[in-house]
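See structure below.
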Amino acid sequence: MAWFYEIRSPDNAVLKRDGGFANQDAAKLAARADAKKMRAAPESKRPEIDRILVGQNADKPTQY
């Protein structure tokens, strides 16, 4: 089984999705690292981040 993550904006648009992680913790750590990089971007290019979701294969992602 592979795990994936999604980073979503306040209007529920997917800002980034990545997958192929061996376990849920690895997906959460990668998502948090990417969200941190996105938040550190210059203000003109910084997207608003609302939620980080993690799921397994085609399962509905859960919020973290």
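Computed from the coordinates by the stated procedures, all read-outs in this text should not be read as laboratory data. Values in this document were obtained by computation on a predicted structure and should not be read as measured data. Backbone-built Cβ (ideal geometry, glycine too); neighbour counts: all protein chains shown.
Structural remarks
- Of the residues making up the range 5-26, those that are closer than 10 Å to Val54 by Cα, within 8 Å of the chain's Cα centre (by Cα), buried (at least 16 other Cβ atoms within 10 Å of the Cβ) and not β-branched (Val, Ile, Thr) are Tyr5, Glu6.
- The residue of the range 6-21 that is farthest from Arg46 (Cα to Cα), among those that are of a type in the set (Gly, Ala, Ser) and assigned to a strand (DSSP E or B), is Gly20.
- Residue that is surrounded by the fewest Cβ atoms within 10 Å (Cβ to Cβ), among those in the range 27-51 that are in contact with a strand residue (DSSP E or B) (Cβ under 8 Å, 6 or more places away or on another chain) and in a loop (DSSP other than H, G, I, E, B): Asp50
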